[in-house]
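Trainee: Let me give you the structure first, and then I'll get to my questions.
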Amino acid sequence: MKRLISILRTYYHYLKYKRYLKYKKYASLGPDYRTVNLEKEYLGNRLYLLFLRIFYLFPIKKNRVLFMSFEAGKYACNPRRISEYLAKHYPGEFEIIWAFKREEGFEWLKEQGVSRTVRYGSAKFYRLALTSRVYVYNMRIPAMIPFRKKQTTIGTGHGGGAYKKLLLDNPNIRTTERKIQELSASHTDILVSSCKYYTEYVVRGAFDHKGECIECGMPRNDELINHNDGKMADYIRNYYDIPLENKIILYAPTYRKGKRNMPTDYNLDVQGIVEAAKERFGGEWTILYRMHYFIKKRLPDDLHGQHIIDVTEYGDMQHLLLASDILITDYSSSVWDYSLLGRPCFLYTVDLDEYLEKQGFYVDVRDWQFPLAKNNEELVNHIRNFDEDDQKGVSGHQSLFGSYEKGTATETLAKRIHRECFGKKEEETF
């Protein structure tokens with residue numbers, strides 16, 4: 001079997017090389033290599049869809065559930081919550097598998113009820129993927145896997161609300177990107193929705209999903225709704241050696257497409273923000289700086305030691321949200337999660353005009369009901385003059401989008417997975 005996979009890969013790379021030669025002669029004309037790479041990806045997906053059917057020789061294992069988070073890069077987000085719930089509430093019933101691009105360092109997952117891990121893209125991965133009864137992911141499903149009719153694929157998403165325009169709705173989407181997305185959409189059986197607008201604009205629109213949609217909220221937000229103590233806040237303070245009496249501001253901007261090395265600090269006025277927070281809320285403050293995982297550039301050296309800590313590599317965003325007393329972001333869906341906590345949130349949108357022109361929103365960011373600033377001076381003033389009585393974002397934001405968050409999403413999806421695997425009709429909580 002490994003030799004067969006090796007032969008197929010060799011043939012695939014041969015086809016890629018032929019396409020490379022085809023486009024090489026146009027190099028002097030400045031070809032769009034992004035488009036070329038997308039066409040290669042689409043061709044590769046089509047070839048794999050054909051060749052990977054060899055794994056149909058192996059039977060589907062009814063209790064096998066395979067999880068993947070952030071394109072096999074992390075153990076996090078909604079898939080993590082579902083995985084841990086299955087392990088805790090159905091001990092020994094499921095074979096829980098996680099796929100990672102790098103398996104090293106995940107041995108501890110056996111303590112979380114994970115049966116085994118597998119390297120994403122390996123022959124073993126494709127065999128396990130095509131013999132799992134349920135496949136759970138939180139980003140675009142791998143378009144090259146020819147899932148079978150007796151399998152169930154569940155996309156949980158990795159952001160609530162309906163904010164910036166995505167995928168098929170992106171005004172700058174390429175034709176080949178559209179084809180790849182439509183191919184991925186054809187592999188997905190169930191998508192999960194956090195709110196009415198997400199179902200309408202993202203599930204049915206941007207994702208072009210015509211199948212089932214479970215409108216139950218996001219599993220990762222259950223702990224934000226149900227939290228009842230400050231243990232996580234204390235844990236984060238201890239983890240980063242922050243004095244326990246310090247309050248925390250989390251700065252977490254979103255990703256700008258095509259700018260993986262962009263300056264990510266936006267000349268943030270760290271000292272001004274800290275002083276404004278002291279003046280308005282009292283106490284000492286520390287800023288946690290978290291970049292989108294696509295961004296390669298980290299905290300600039302000149303900001304280290306100035307009331308700010310780079311937490312980009314921390315594995316779980318929800319922990320940071322729970323620990324924070326204030327959130328500063330821009331167009332990130334973290335505002336959806338954070339609004340469930342009822343704490344102050346500020347939008348720092350230095351490139352708003354450009355973003356409106358190139359990306360666009362489903363619901364205008366100026367209507368999100370959070371204080372919005374286009375520069376440091378406005379941001380500092382919003383913090384200094386924050387009025388809790390005027391903050392509509394806490395409950396108004398959730399109602400504006402038609403929230404489905406009830407704190408029971410993990411249970412709902414775990415029961416559905418149990419039913420898919422074993423056919424037992426358990427009462428689901430919607």
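Trainee: For W98, what is the net charge nearby, where nearby means another residue's Cβ is under 14 Å from its Cβ and Lys, Arg count +1, Asp, Glu -1?
Mentor: Numbers: positive: R64, K74, R80, R81, K101, R102, K110, R116, R119, K124; negative: E71, E84, E95, E103, E104, E107, E111.
Once positives and negatives cancel, what remains is +3.
Trainee: Also, quick follow-up: Around I328, which amide H atoms from residues at least 5 apart in sequence, or from another chain, sit under 5 Å from its own amide H, with H modelled in the peptide plane?
Mentor: So I328 has HN proximity to L250, Y251, A252, F346.
Trainee: Can you flag which of K247/K278; K74/K110; K150/K415 are past 21 Å Cα-Cα? Let's see the in-between values first.
Mentor: Working: K247/K278 9 Å; K74/K110 15 Å; K150/K415 18 Å.
In this structure, no pair lies more than 21 Å apart at Cα.
Trainee: Separate question: Compute the separation of the alpha-carbon centres of the stretch 148-208 and the stretch 220-253 and state it in Å as a whole number.
Mentor: Here the answer is 31 Å between Cα centres.
Trainee: Okay, next question. Within the stretch 316-335, list the residues whose amide N lies under 11 Å from a label point set 7 Å along Cα→Cβ of R366.
Mentor: none
Trainee: Whole-Hz Karplus ³J(HN,Hα) for the stretch 39-49, in order, using 6.51 cos²θ - 1.76 cosθ + 1.60 and θ = phi - 60°, x for Gly and Pro?
Mentor: Once θ is set to phi - 60°, the couplings for the stretch 39-49 become 5, 4, 4, 5, 4, x, 4, 5, 5, 5, 4 Hz.
Trainee: Can you tally the net charge around A373? Count Lys and Arg as +1, Asp and Glu as -1, for every other residue whose Cβ sits under 12 Å from the Cβ of A373. Don't jump to the answer; show the numbers that get you there.
Mentor: Values: positive: R366, K374, R384; negative: D269, D330, E377, E378.
Residues near A373 contribute -1 overall.
Trainee: Using the Karplus curve 6.51 cos²θ - 1.76 cosθ + 1.60 with θ = phi - 60°, work out ³J(HN,Hα) for each residue of the stretch 185-199 in order, rounded to whole Hz, and write x for Gly and Pro.
Mentor: So the Karplus estimates, Gly and Pro as x, are 4, 5, 8, 9, 8, 9, 10, 9, 10, 9, 6, 4, 5, 5, 4 Hz.
Trainee: If the cut-off is a Cα-Cα distance under 18 Å, which aspartates and glutamates reach K231, setting aside same-chain residues fewer than 8 apart in sequence?
Mentor: Output for K231: D222, E223, D241, E245, D316, D325.
Trainee: Identify all aspartates and glutamates with a Cα-Cα distance to K358 below 18 Å; exclude those on the same chain that are fewer than 8 residues away in sequence.
Mentor: Partners within reach: D169, E177, D330.
We did not get these values from a lab; they are worked out from the coordinates using the rules stated. What you see is a predicted model; the values in this text were computed from it and never measured. We place every Cβ from the backbone using ideal geometry, glycine too, and count neighbours over all the protein chains shown.
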